[in-house]
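The values are calculated or read from the model by the stated rules, or taken from the named source; none is laboratory data. The structure presented is a predicted model; accordingly, all values stated were derived computationally and were not measured. Reconstructed Cβ throughout: ideal geometry from the backbone, glycine too, with neighbour counts over all protein chains shown.
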Amino acid sequence: MTPSGAADRARRTPDPARTAKPVTGRSRSARALRAGDPGSGPITPRKRRPAVPARSAAGVKDVAAAAGVSLGTVSNVLNRPEMVSPTTRAKVEDAMASLGFVRNESARQLRAGSSRIIAYLMLDAGNPFFTDVARGVEEAAQKAGLSVFLCNSNEDAAREADYLDLLEQQRVQGVLITPIDPDSSRLRNLPDRGTPVVVVDRAIDDGEHCSVAVDDVLGGEVALTHLIELGHQRIAFVGGPNTIGQVTDRRAGARAALQQAGLPAENLVDVLTGALTVAEGRGAGQRLAGLPADRRPTAAFCANDLLALGLLQQCVSLGLRVPEDLAIVGYDDIEFAAAAAVPLTSVRQPRQLLGRTAAELLLDESSNPDHEHQRVTFTPELIVRTSTRGNA
């Protein structure tokens, strides 16, 4: 046998000294314990605790039995408490508390054919303007004993349509919406099928919906007039996309102010953005800074505060002075406007009042057979800060 063959044979022959010994006692491996290795000694099977059945929720019958009253009395306590004497009502409420009874609102909604929920489908949940509007909606809903379901279309028409279908299927009591397209057929059809709709932050006068908004054309005029009075003649309008009605209305107001001042239309420089966000505002700032000095606007009116804050950030990062090199006006007057590094001049909208008024109109439409559609329009207010007037 060759040396290499002997070596191979040695590798194939187990060495008794290296062979693993059976595991016994406490040193047995977990695998041996699980497998029940017969060489490791007797194994006592572990007793399993019997499964505890899930406790079923207490129902109306359980409450009635515990309180010693009829099912009708329990129903009255839940739905018409004023019809039950204080003593009996207390007995029923004590029984509910002791049993941990939770009302089945879904079942009640099925019987009633509608819910105790209203929905607000907002345009952009990332914009504090809409969350402030939602606070006003919630205030009115809470006062009426209703809940609010918040949805975000994110400026996506397909997503908006999906939400409207879902809300109708859920039989919500009504829908508040800041629409992408106020002329949408879905908005027109919902009231005909039993779901009231109120349009928020967009004025419409179609006789089919209530609407609550601020006069955005006037807001644009106010913003541009302020900048013109400060001596600016070449002014940028930063906003988009043009499919958003508020953007087109604010631009229209700016153009009207320019015309009233006797300035040529080309003195309003359009800087189109893909969305109403801080990032788009920064991009607009980069584009404005890249213009030749003799063509660069000396002021900018932004379609909302997020754009204005992004523009302001970009100016600061590029070493441009605000308002000396570029005066900036925003729109909405969200909380962050006043807290910016350079406090922002902005056109204020009564955000919570918008939401509260819209919700009140919706609740009236859903419960009042004599309801008449209203178009409520608030007047915007210019709030002047450092971004246009400096520290003077």
### Task
Would you check which residues across the stretch 133-176 are in contact with an Asp or Glu (Cβ under 7 Å, 6 or more places away or on another chain) and hydroxyl-bearing (Ser, Thr, Tyr) and list them?
SER153
### Summary
If we ask which residues in the stretch 158-198 are under 15 Å from ILE244 (Cα atoms) and within 16 Å of the chain's Cα centre (by Cα), their number turns out to be 5
### Query
Restricting the search to the stretch 196-231, which residues are free of Cβ contacts under 8 Å to residues at least 40 places away in the same chain and among the hydroxyl-bearing types (Ser, Thr, Tyr)?
THR225
### Query
Regarding VAL69, is this residue touching a Ser or Thr at 6+ places or on another chain (Cβ under 7 Å), assigned to a helix (DSSP H, G or I) and either closer than 22 Å to GLY145 by Cα or at pLDDT 85 or above (or both)?
no
### Message
I'm trying to understand the selection: among the residues of the stretch 353-375, which are in contact with a helix residue (DSSP H, G or I) (Cβ under 9 Å, 6 or more places away or on another chain) and crowded, with 16+ Cβ neighbours inside 10 Å?
### Response
LEU353, LEU354, GLY355, ARG356, THR357, ALA358, ALA359, GLU360, LEU362, LEU363, GLU365, HIS373
#### Entry: Selection count where residues are of a type in the set (Lys, Arg) and either exposed (fewer than 14 other Cβ atoms within 10 Å of the Cβ) or assigned to a loop (DSSP other than H, G, I, E, B) (or both), scope the stretch 244-278
0
### Message
Based on this model, can you work out whether ALA125 counts as surrounded by 13 or more Cβ atoms within 10 Å (Cβ to Cβ), touching a strand residue (DSSP E or B) at 6+ places or on another chain (Cβ under 9 Å) and either modelled with pLDDT of 85 or more or part of a helix (DSSP H, G or I) (or both)?
### Response
yes
### Message
Being touching a residue at least 12 places away in the same chain (Cβ under 8 Å) and either touching a Lys or Arg at 6+ places or on another chain (Cβ under 9 Å) or over 23 Å from GLY274 (Cβ atoms) (or both): is that true of GLN314 here?
### Response
yes
### Query
Can you name the residue in the stretch 328-352 that is assigned to a loop (DSSP other than H, G, I, E, B) and touching a Phe, Trp or Tyr at 6+ places or on another chain (Cβ under 6 Å) and, of all such residues, is surrounded by the most Cβ atoms within 10 Å (Cβ to Cβ)?
ILE334
### Message
I'd like the residue in the stretch 146-180 that is in a loop (DSSP other than H, G, I, E, B) and among the hydrophobic types (A, V, I, L, M, F, W, C) and, out of all such residues, is farthest from ILE204 (Cα to Cα).
### Response
LEU146
#### Entry: Top-ranked residue of the stretch 343-392 - restricted to ones that are among the charged types (D, E, K, R) and in contact with a Cys (Cβ under 8 Å, 6 or more places away or on another chain), ranked as nearest to ALA213 (Cα to Cα)
ARG375
